[in-house]
Amino acid sequence: GDSVTQMEGPVTLSEEAFLTINCTYTATGYPSLFWYVQYPGEGLQLLLKATKADDKGSNKGFEATYRKETTSFHLEKGSVQVSDSAVYFCALRSAGAGSYQLTFGKGTKLSVIP
Amino acid sequence: GAVVSQHPSRVICKSGTSVKIECRSLDFQATTMFWYRQFPKKSLMLMATSNEGSKATYEQGVEKDKFLINHASLTLSTLTVTSAHPEDSSFYICSASPEPSSYNEQFFGPGTRLTVL
């Protein structure tokens, strides 16, 4: 079955540091890939997505590139802020018409300190 | 747009009682809604998928009689935890998808923290 593996947290960075959160997946075909963010006390919000190989999703300074050859979708940000402190989830949605179920990774907690 | 609400946000109940959690799509019609359970330091686990007007589809290992799901309208789905026990304590999250058979994203509610004493 489908699965998502992302780096264990927690990750603690100083403000303006570079962020990478690794995510790899196992799925048949060409799934769609997502990064969701969960701020403290809130629900998940879609951060960015990519639906085909070599697509780059980007939002709020975050980027991730769909790498079919390495089955990866690593999240990056060049300069993190305290407000980026949250839990980040990598997820995939299987390919195929009518497919809308998401498979999530375990989440990576990011803490950014001033 | 695309706001999903959950009520209540927190609930504490005694063991053996039943608890109902509501999930509403506020500005769109949700043909499909999903219920997830999130354990501490673990991923979201899909419990069931509900389609308006039909029975929910439960994931393997999820007790249908314990977690009752009703999706009676295009804007409301409810999850009832029957005869709750301390091991049911968790964070329950719903999401809603506007269409049943497209690549539209899921919009998530803020979650409900259930504590069973």
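The values are calculated or read from the model by the stated rules, or taken from the named source; none is laboratory data. If you're wondering where the values come from, they're calculated on a predicted model, not measured in any experiment. Note that we place each Cβ from the backbone using ideal geometry, even for glycine, and neighbour counts take in every protein chain shown. Quick note on the areas: whole protein, heavy atoms, side chains included, nothing else; ligands and nucleic acids left out. Shrake-Rupley method; radii C 1.70, N 1.55, O 1.52, S 1.80 Å.
Listing for the model above:
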{"item": "Dipole moment magnitude, nearest 20 debye, region B:58-117 about Cα centre, only Lys, Arg, Asp, Glu C-beta charged", "result": "140"}
{"item": "Sites residue A:55 and residue B:65, calculated FRET efficiency, Cβ-Cβ separation with R0 45 Å, nearest 0.05", "result": "0.55"}
{"item": "Region A:27-114: mean projected area of Cα convex hull, nm²", "result": "6.1"}
{"item": "Karplus 3J(HN,Hα) series, Hz, for region B:85-98 with 6.51 cos²θ - 1.76 cosθ + 1.60 (x for Gly, Pro)", "result": "10, x, 5, 7, 4, 5, 9, 9, 10, 10, 9, 9, 10, x"}
{"item": "Residue-normalised accessible area of the protein assembly as shown, given per residue in Å² at a 1.4 Å probe", "result": "48"}
{"item": "Reciprocal of mean inverse Cα separation for the protein assembly as shown (Kirkwood radius, Å)", "result": "18.2"}
{"item": "Inter-probe distance in nm under a simple model that places probes 7 Å from Cα toward Cβ, at residue A:68 and residue B:10", "result": "4.8"}
{"item": "The protein assembly as shown: Cys lacking any partner C-beta under 4.7 angstrom", "result": "B:13"}
{"item": "Where labels lie 7 Å past Cα in the beta-carbon direction, separation of residue A:22 and residue B:91 in nm", "result": "2.5"}
{"item": "Residue order for B:7, A:74 - accessible surface, 1.4 angstrom probe, largest first", "result": "B:7, A:74"}
{"item": "Ranked order, B:117, A:46, B:68, A:110 - accessible area, probe 1.4 Å, largest first", "result": "B:117, B:68, A:46, A:110"}
{"item": "Normalised per residue, the volume of the convex hull around the Cα set of region B:39-117 (Å³)", "result": "114"}
{"item": "Amide H partners (placed H, <5 Å) of residue A:13, local residues excluded", "result": "A:111, A:112, A:113"}
{"item": "Exceeding the 28 Å Cα-Cα cut-off - candidates B:20/B:55; A:56/B:64; A:77/B:42; A:106/B:66", "result": "A:56/B:64"}
{"item": "Most mobile of A:81, A:38, A:101 in a GNM of chain A (Cα contacts under 10 Å)", "result": "A:101"}
{"item": "Rough spin-label spacing in nm, given labels placed 7 Å along Cα→Cβ, for residue B:39 and residue B:80", "result": "2.7"}
{"item": "Whole-number percent relative contact order across region B:1-108, with pairs defined as alpha carbons under 8 Å at least 6 apart", "result": "34"}
